[in-house]
2 protein chains.
Amino acid sequence: MAFGATAEMSTIVHQAGGFGMIPAGKSPSVSHTDPASNLARARTTKGFDSSAQLKAHLTTARKSLSIAAGAPIPVGVGFIGWILDQTEASADPRLPGVLAEKPAAIWLAFGAALGTYVAQIRAFDAQRTDGHRTRVFAIVNDVEGALRAAGAWGVDVVVAQGIEAGGHGGAEALPVLSLVPAIRAAFPPGACPPIVAAGGVSTGAQIAALLVLGASGVALGTRFLYTHESCYTREMKAVLVGAGWGATTRGLMFDEVNGTMGWPAKHDGRAIANGIVEDWAAGLPLSARLERFEESRARGEKDRLVIWAGVGVGMTDEIRALKDVFEELHSDTVKALRKSSSLLA
Amino acid sequence: MAFGATAEMSTIVHQAGGFGMIPAGKSPSVSHTDPASNLARARTTKGFDSSAQLKAHLTTARKSLSIAAGAPIPVGVGFIGWILDQTEASADPRLPGVLAEKPAAIWLAFGAALGTYVAQIRAFDAQRTDGHRTRVFAIVNDVEGALRAAGAWGVDVVVAQGIEAGGHGGAEALPVLSLVPAIRAAFPPGACPPIVAAGGVSTGAQIAALLVLGASGVALGTRFLYTHESCYTREMKAVLVGAGWGATTRGLMFDEVNGTMGWPAKHDGRAIANGIVEDWAAGLPLSARLERFEESRARGEKDRLVIWAGVGVGMTDEIRALKDVFEELHSDTVKALRKSSSLLA
């Protein structure tokens with residue numbers, strides 16, 4: 001959800017009864033009140049969010065939620081592993097400053113050696129005097145990843161991200177309806193960590209289904225792009241609203257023109273399939289694809305925008321307030337679970 | 001499930017509380033008591049099951065279930081559309097003879113003009129004097145297919161088959177967790193036909209999840225290959241038992257060497273990824289791939305067998321009695337639904 005979510009969104013999700021995450025990394029670092037400039041700023045900013053910027057996000061959340069200084073903030077911060085590899089080795093490491101602000105959780109994704117950061121978080125917590133413990137989430141895309149994250153790394157929650165997911169993830173991941181039981185079956189009875197299911201989830205009935213399947217929770221990304229608060233631009237949202245089922249595809253062609261390469265092996269991203277995919281499918285060399293990408297941008301066209309989105313884009317066609325979307329999801333989830341109870345009657 | 005299921009299996013499923021389908025088409029037409037010869041016979045038989053053979057399958061089911069002559073048989077018969085296109089134009093059309101035996105349902109799949117056969121079934125029923133009405137199922141792989149099947153064709157049940165499914169299906173189908181809500185959302189409230197969810201389903205928790213999602217039922221194929229009764233050969237079953245998550249892949253390379261081409265556009269099949277896929281990925285021409293395929297078969301090797309299977313292959317590693325598998329699925333489904341009720345407490 002880098003480029004899509006903001007600190008403000010994480011607090012609205014919290015207030016609506018969910019658990020919000022602030023995306024760190026190479027984020028646009030702008031408020032949703034200034035959406036038009038996001039893409040351009042993200043693409044021209046060479047670096048990643050500084051620790052000061054990340055702390056500012058957390059301060060925003062702290063203020064919105066009226067959390068006293070020094071008390072834990074009930075939202076999380078998401079980090080991309082291969083960006084952490086760069087920032088934590090720099091003169092301005094990001095994790096210590098963020099951990100000092102006491103977010104409830106850190107979400108780690110997309111790195112071969114995320115265990116290092118889990119250990120760093122545990123070590124930080126061990127030196128606290130107030131007993132605060134940061135929950136650690138890690139995205140996994142297969143059974144081996146889940147065993148490593150929960151076993152070798154000792155994360156608290158595995159996020160089982162299926163092939164349906166928008167943005168980045170495992171290029172060969174199983175669909176989430178198979179990935180969750182696959183992971184559950186790989187652990188001895190009673191020893192499976194909490195699983196948060198992710199990928200293509202955009203309705204309450206899907207959330208209910210995944211909870212029945214054995215997930216402890218679900219993660220939604222794309223669904224929240226269809227909100228006034230998402231910092232996707234007006235143009236990007238217009239494309240999302242018009243997108244039908246099957247509008248997305250996976251690959252690295254989006255990152256190649258977007259200048260966002262660096263993902264681990266067997267990872268790629270799902271986005272709206274458009275001219276970027278056509279250029280790539282036509283076999284054009286990267287230089288020509290970049291040229292078309294830049295020309296399209298200069299002309300203000302919509303058909304070569306990089307718009308990360310999951311397969312759930314077909315389900316929704318209205319931009320609404322995040323709070324309303326969240327409340328509908330909750331209500332529909334409860335309705336589906338109620339109905340399911342009647343299946344046993 | 002052609003090449004995998006038998007009339008005997010459909011009766012065991014019925015007796016266990018499910019609804020069994022007898023696969024018609026180019027099936028091995030042998031009893032499960034003679035599994036070793038299935039593959040060879042299927043590949044050397046030029047034609048498809050005759051109407052006499054299909055009626056014999058139904059007679060087997062009738063006898064097993066002690067159904068009186070003239071009474072409906074509580075199992076279905078599955079037809080492949082492009083094979084029907086050939087058989088129904090031949091001197092021995094298959095549908096009339098099958099319909100005369102009164103199976104409870106006909107399952108149609110993989111044809112651009114299945115509406116013709118739906119109309120034929122309705123016309124047949126209209127001329128009966130006993131009021132028997134054949135339920136018509138049709139596999140769909142997208143929203144448009146569901147609207148056409150339930151609207152223009154007027155089928156009773158749409159089978160929403162996701163990309164996870166083993167054997168043949170939509171090459172670009174959504175995963176089943178998205179396909180079912182996509183189809184539901186495409187119909188006006190209250191006007192959605194019953195949906196049977198199919199694809200990658202191999203556990204009771206998945207069945208419960210799909211029922212909560214809004215499916216009226218689920219269809220399982222691969223899971224029943226792991227039974228003594230399935231007419232996959234011992235060698236094929238050994239491969240299935242050893243297969244892990246991610247062991248399957250989709251494409252037409254299996255059909256190309258197997259001599260089973262004829263599928264409609266945008267359809268292909270999912271099977272165990274093996275030497276057949278390697279030969280294809282290496283860019284070998286079909287003649288060379290066929291040569292390797294035949295050599296491998298002559299040597300009795302396992303690595304170029306065509307073994308249709310869905311992504312659920314990773315979940316199961318034991319060949320058991322079909323009845324026991326079915327009872328476990330039922331019990332686990334109920335267990336998952338019971339647990340889900342507690343989510344509301």
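The values are calculated or read from the model by the stated rules, or taken from the named source; none is laboratory data. Since we're looking at a predicted model, the values are computed, not measured. Cβ atoms come from the backbone with ideal geometry, glycine included; neighbour counts cover every protein chain shown.
Annotations for the structure displayed:
- When the helices (runs of 4 or more DSSP H) confined to the stretch B:54-126 are screened for residues that are of a type in the set (Gly, Ala, Ser) and in contact (Cβ under 8 Å) with a residue 40 or more places away in the chain, those reaching at least 1 such residues are found at B:81-87, B:95-100.
- Condition check for A:ALA282: farther than 27 Å from B:ALA336 by Cα and over 27 Å from the mean Cα position of the chain (by Cα): yes
- Conditions (1) in contact with a strand residue (DSSP E or B) (Cβ under 6 Å, 6 or more places away or on another chain); (2) more than 14 Å from chain B (Cβ to nearest Cβ); number of the one not met by A:PHE124: (1)
- Set A:PRO181, A:PRO188, A:PRO194, A:PRO175: member being in contact with a Pro (Cβ under 7 Å, 6 or more places away or on another chain) and at pLDDT 95 or above: A:PRO175
- When the stretch A:217-250 is filtered for residues that are without any contact (Cβ under 8 Å) to a residue 40 or more places away in the chain and either closer than 22 Å to A:GLU294 by Cα or among the hydroxyl-bearing types (Ser, Thr, Tyr) (or both), only A:THR249 remains.
- Looking only at the stretch B:254-271, and only at residues there that are acidic (Asp, Glu) and in a helix (DSSP H, G or I), the one that is farthest from B:PHE326 (Cα to Cα): B:GLU256
- In the stretch A:238-283, the residue that is surrounded by the fewest Cβ atoms within 10 Å (Cβ to Cβ) out of those that are touching a helix residue (DSSP H, G or I) at 6+ places or on another chain (Cβ under 7 Å) and of a type in the set (D, E, K, R) is A:GLU256.
- Selection within the stretch B:317-340: residues that are within 12 Å of chain A (Cβ to nearest Cβ) and touching a residue at least 24 places away in the same chain (Cβ under 8 Å). The member of this set that is farthest from B:SER230 (Cα to Cα) is B:SER340.
- Scanning the stretch B:161-182 for residues that are in contact with an Asp or Glu (Cβ under 9 Å, 6 or more places away or on another chain) and more than 8 Å from chain A (Cβ to nearest Cβ) yields B:HIS168, B:GLY169, B:GLY170, B:ALA171, B:ALA173, B:LEU179.
- Matching residues in the stretch B:272-293 - criterion: being assigned to a helix (DSSP H, G or I), within 10 Å of B:ARG304 (Cα to Cα) and in contact with a strand residue (DSSP E or B) (Cβ under 8 Å, 6 or more places away or on another chain): B:VAL277
- Scanning the stretch B:297-316 for residues that are within 10 Å of chain A (Cβ to nearest Cβ) and part of a loop (DSSP other than H, G, I, E, B) yields B:GLY310, B:THR316.
- Residue list for the stretch A:183-202, filter: surrounded by fewer than 22 Cβ atoms within 10 Å (Cβ to Cβ) and either of a type in the set (Gly, Ala, Ser) or within 12 Å of chain B (Cβ to nearest Cβ) (or both): A:ARG184, A:ALA185, A:ALA186, A:GLY190, A:ALA191
- For the stretch A:317-338, filtering for residues that are in a helix (DSSP H, G or I) and either aliphatic (A, V, I, L, M) or crowded, with 16+ Cβ neighbours inside 10 Å (or both) leaves 9.
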